[in-house]
Structures are given as C-alpha cells and as structure tokens.
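Participant: Structure provided below as structure tokens; questions to follow.
The values are calculated or read from the model by the stated rules, or taken from the named source; none is laboratory data. Nothing here was measured: the structure is a model prediction, and the numbers come from that model. Neighbour counts run over all protein chains shown; Cβ positions are idealised from the backbone, glycine included. Keep in mind that these areas ignore ligands, DNA and RNA; they rest on the heavy atoms of the full protein, side chains included. Shrake-Rupley method; radii C 1.70, N 1.55, O 1.52, S 1.80 Å.
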Amino acid sequence: EHNPIAVCMSSLLTTSMQNFKVVIDALAEAGVRDSVKVGVGGAPVTPEFAKEVGADFFTEDAVSLAEEMLKYAK
C-alpha cells in the first residue's frame, strides 16, 4: 500500500534478531522483497548474520544507516 524503499530492523538481544529472517521471508511471500532494501543492525548483529538472513546491508549505528539509505533515495 505504501511502497517503501526500505525496511530497517534493529535488535538489542540475540533472541529478537532471529525475527529478521521472519520479516524478510514475509516480504518475499508478499512479492515485494525485490523492490525493498532490507537493512539490519544492533548490538549483537554482525555483517555475517545480516548476510545469513538475507539482508541487503548491515550498519553499526543510525548515522551509518542514514548514509546507506541515501544510496537508495529517489
């Protein structure tokens, strides 16, 4: 309905970061995964984990996230 260019998720606990994959799979099931960039980050999150769950990018903080998102702005 809103046609976002990105979905960004952050986690402070290892138990909640497992839900990144759930969201990414739901985007795929809805048929919008290819049109939405997915960014993840947070204290326990690593670039390797971001890749494992299928995220497009990982950032360590909000400033880096803003810089990354500028690449996708229209």
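Participant: Hey, Thr46 hits all of (1) modelled with pLDDT under 95; (2) surrounded by 11 or more Cβ atoms within 10 Å (Cβ to Cβ); (3) of a type in the set (S, T, N, Q) but one; which does it fall short on?
Facilitator: (1) is the only condition that Thr46 fails.
Participant: Next up: Is there a residue being under 12 Å from Ser10 (Cβ atoms) and of a type in the set (S, T, N, Q) anywhere in segment 46-61?
Facilitator: Here is the first cut: in segment 46-61, the residues under 12 Å from Ser10 (Cβ atoms) are 50, 55, 58-61.
Narrowing the set further to residues that are of a type in the set (S, T, N, Q) leaves 59.
Yes, segment 46-61 has at least one match.
Participant: May I pose another question? Which count do you get for residues in segment 43-67 that are closer than 22 Å to Ala28 by Cα, part of a helix (DSSP H, G or I) and of a type outside the set (A, V, I, L, M, F, W, C)?
Facilitator: Final tally of qualifying residues: 4.
Participant: If we keep just the residues of segment 49-74 that are open to solvent by less than 50 Å² (accessible area, probe 1.4 Å) and hydroxyl-bearing (Ser, Thr, Tyr), which is nearest to the chain's Cα centre (by Cα)?
Facilitator: Looking at residues that are open to solvent by less than 50 Å² (accessible area, probe 1.4 Å) and hydroxyl-bearing (Ser, Thr, Tyr), I get Thr59.
Participant: Take the residues of segment 1-42 that are in a loop (DSSP other than H, G, I, E, B) and open to solvent by less than 50 Å² (accessible area, probe 1.4 Å): which is farthest from Leu70 (Cα to Cα)? Talk me through it step by step, then tell me what you get.
Facilitator: Restricting attention to segment 1-42, the residues satisfying the condition of being in a loop (DSSP other than H, G, I, E, B) are 1-5, 11-13, 18, 30-32, 36, 42.
From the residues that got through so far, the ones that are open to solvent by less than 50 Å² (accessible area, probe 1.4 Å) too are 11, 36, 42.
On the way: Ser11: 22, Val36: 14, Gly42: 20 Å.
Of everything passing the filter in segment 1-42, Ser11 is farthest from Leu70 (Cα to Cα).
Participant: Scan segment 49-70 residue by residue and report those that are farther than 10 Å from Val7 by Cβ and modelled with pLDDT of 90 or more.
Facilitator: As a first pass, look at segment 49-70 and keep what is farther than 10 Å from Val7 by Cβ: 49-54, 57-70.
The answer is Phe49, Ala50, Lys51, Glu52, Val53, Gly54, Phe57, Phe58, Thr59.
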